[in-house]
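Quick notes on the structure that follows.
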Amino acid sequence: MINGLHFDITSQELAEHLQIRLLHHQERSAFYRQQAATLESGGAEAAKYTNGDPVRSLRTKEDEHIRKSQLFDFMVRHVVKNETYRLSESDLISIEFVSRCNW
């Protein structure tokens, strides 16, 4: 008997997916870093904006993507080859195979 939903993913499919997500988060962190640098070089100041400091917001997003890229880098380097990974819905969400559903 199987209890709950579980999905079998090959190590190759998992590694490929993790590598894609790693690259995505590296690209996004570079994007936010560049956007923040552009604003800083233009003399953007928090006082000019009613919604707070745009540079700080961009740096926060950059940091978020850096942390995620570090996690995906670790995971992709530790996939055991020629194995099958049994993933739950929660696993699929945390490694960004699927989006979180808000029913």
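A few remarks follow.
- Restricting attention to the stretch 55-103, the residues that are touching a residue at least 60 places away in the same chain (Cβ under 8 Å), on the phi < 0 side of the Ramachandran plot and within 12 Å of the chain's Cα centre (by Cα) total 2.
Each row is one residue, and each column tells you yes or no for (1) surrounded by 12 or more Cβ atoms within 10 Å (Cβ to Cβ); (2) at pLDDT 95 or above; (3) among the aromatic types (Phe, Trp, Tyr); (4) closer than 14 Å to Glu96 by Cβ.
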{"site": "Thr10", "(1), (2), (3), (4)": "yes, yes, no, no"}
{"site": "Glu16", "(1), (2), (3), (4)": "yes, yes, no, yes"}
{"site": "Leu39", "(1), (2), (3), (4)": "yes, no, no, no"}
{"site": "Val55", "(1), (2), (3), (4)": "yes, no, no, no"}
{"site": "Lys61", "(1), (2), (3), (4)": "yes, yes, no, no"}
{"site": "His65", "(1), (2), (3), (4)": "yes, yes, no, yes"}
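- Of residues in the stretch 18-37 being touching a residue at least 24 places away in the same chain (Cβ under 8 Å) and more than 15 Å from the chain's Cα centre (by Cα), the one farthest from Glu96 (Cα to Cα): Ala36
- Evaluation of Asn82 against (1) modelled with pLDDT of 90 or more; (2) surrounded by 14 or more Cβ atoms within 10 Å (Cβ to Cβ) (one fails), failing number: (2)
The values are calculated or read from the model by the stated rules, or taken from the named source; none is laboratory data. Nothing here was measured: the structure is a model prediction, and the numbers come from that model. For neighbour counting, all protein chains shown are included, and Cβ atoms are generated from backbone atoms with ideal geometry for every residue, glycine included.
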